[in-house]
Amino acid sequence: MRRKDKLVTDKKILYEVIEKAEVCRLGLVDDLTPYIVPLSFVFDGIHIYVHSATEGRKVDILRKNNRVCVEFEQDIALVKGKKACNYGFRFLTVICHGTAEAVHDIDEKNSALNQLMNHYEPEWNSRQFTEQELSSVLVFKITVEEMTGKVSK
């Protein structure tokens, strides 16, 4: 990172940004073409889980290239200035690099979907999803290999 004064390395802060985020942005590479998609997610402290339809561009790309980048953000605000070059943004972001793999284990898939529901609905009562429900979605587990944070106040 060019601006070391903006670097965030405290895992507590990084994890808090992820926990508070409402959406993540998944960055993929389709041959030489970048592709970014916003997703719902859950982070268990080790892996990021996302769910998906069983087909589509994202799924096609992940089957060819499972290297991913995931972005989370909070506290985004425009900072106005007297001149155009004095404008900027206040933000706190986390970027993770890693690999994504489809979850095939029924228990892990069920657990990930329950965690995902609980991330968005804290009152969610975990349950066993039906075979039909489980087969209608894909769950990808992203193994985080690198995590960096950046802040601008």
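Numbers at a glance
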quantity: In segment 71-123, residue nearest to the chain's Cα centre (by Cα) [restricted to those that are aromatic (F, W, Y) and modelled with pLDDT of 90 or more]; calculated: F72
quantity: Subset tally (residues that are charged (D, E, K, R) and touching a strand residue (DSSP E or B) at 6+ places or on another chain (Cβ under 6 Å)) for segment 26-66; calculated: 1
quantity: Residue ranges of strands (runs of 3 or more DSSP E) in segment 1-70 with at least 3 members within 24 Å of V151 (Cβ to Cβ), among the hydrophobic types (A, V, I, L, M, F, W, C) and under 16 Å from the mean Cα position of the chain (by Cα); calculated: 41-43
quantity: Identity of the residue in segment 7-24, of a type in the set (D, E) and over 11 Å from T93 (Cα atoms), that ends up surrounded by the fewest Cβ atoms within 10 Å (Cβ to Cβ); calculated: D10
quantity: Residues of segment 124-153 that turn out to be within 22 Å of I18 (Cα to Cα), over 16 Å from the mean Cα position of the chain (by Cα) and among the aliphatic types (A, V, I, L, M), as a count; calculated: 1
quantity: Residues within segment 14-50 that are in contact with a Phe, Trp or Tyr (Cβ under 8 Å, 6 or more places away or on another chain) and not charged (D, E, K, R), tallied; calculated: 17
quantity: Unique residue being surrounded by fewer than 11 Cβ atoms within 10 Å (Cβ to Cβ), closer than 19 Å to S40 by Cα and at pLDDT 90 or above when the list is T54, T130; calculated: T54
quantity: Candidates H97, H104, filtered to the one that is in a loop (DSSP other than H, G, I, E, B) and either among the aromatic types (F, W, Y) or out of contact with any helix residue (DSSP H, G or I) (no Cβ under 8 Å at 6 or more places or on another chain) (or both); calculated: H104
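The values are calculated or read from the model by the stated rules, or taken from the named source; none is laboratory data. Since the structure is predicted, the reported quantities are computational estimates derived from the model, not experimental observations. Note that we place each Cβ from the backbone using ideal geometry, even for glycine, and neighbour counts take in every protein chain shown.
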